[in-house]
1. Quick check on Arg96: is it surrounded by 10 or more Cβ atoms within 10 Å (Cβ to Cβ), among the basic types (Lys, Arg) and under 30 Å from Leu124 (Cα atoms)?
2. Report every pair of residues separated by at least 6 positions or lying on different chains whose Cβ atoms are under 9 Å apart, first residue within region 109-120 and assigned to a helix (DSSP H, G or I), second of a type in the set (Ser, Thr, Tyr).
3. What pairs come up if the first residue lies in region 1-29 and is among the basic types (Lys, Arg), the second is assigned to a helix (DSSP H, G or I), and their beta carbons are under 7 Å apart, counting only those six or more places apart or on different chains?
Amino acid sequence: MYLQYLPWLTLVLAFVFFIISFLLIHKQSKKNHALEVLVKSLLATNELTKQQLVEIHSGSIGMGKKIQHLESLVRKTQENQQNLVAQAPENRLYTRAVKMVQLGATIEELMAECELPRAEAELLLNLHKK
């Protein structure tokens with residue numbers, strides 16, 4: 001008695017199985033599409049990160065060169081400073097005398113402070129007066 005419904009039951013079960021399979025495939029297809037979009041986004045982000053890394057690397061090379069140049073300038077400045085310190089005391093007296101003239105010192109002050117003869121004090125005063 002139930003055997004007469006067997007072909008219909010099989011057909012209904014096959015149809016239900018077909019619908020469920022179709023829905024599962026459709027759902028998986030949506031997931032695959034979402035994953036493809038995510039992968040494309042990650043690849044674009046990766047490329048941007050690579051470009052930024054190259055820029056940072058280039059910038060650090062440039063900064064390294066600038067630092068080397070500044071270190072060279074510092075060394076030269078230190079050498080110049082040491083040379084100035086090592087100058088003869090007479091030259092330092094003249095440098096001090098020139099500063100005093102620029103600050104408005106008189107001939108007598110120059111002679112007394114820097115132990116200069118009158119002629120040299122007058123010469124410095126005439127050369128470096130404001």
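Laboratory data are not the source of any read-out in this text; all were calculated from the coordinates shown. Since we're looking at a predicted model, the values are computed, not measured. Virtual Cβ from ideal backbone geometry, glycine too; neighbours counted across all protein chains shown.
1. So Arg96 passes the test.
2. Every condition considered, the pairs that remain are Cys114/Tyr94; Glu120/Tyr94.
3. No pair meets every condition.
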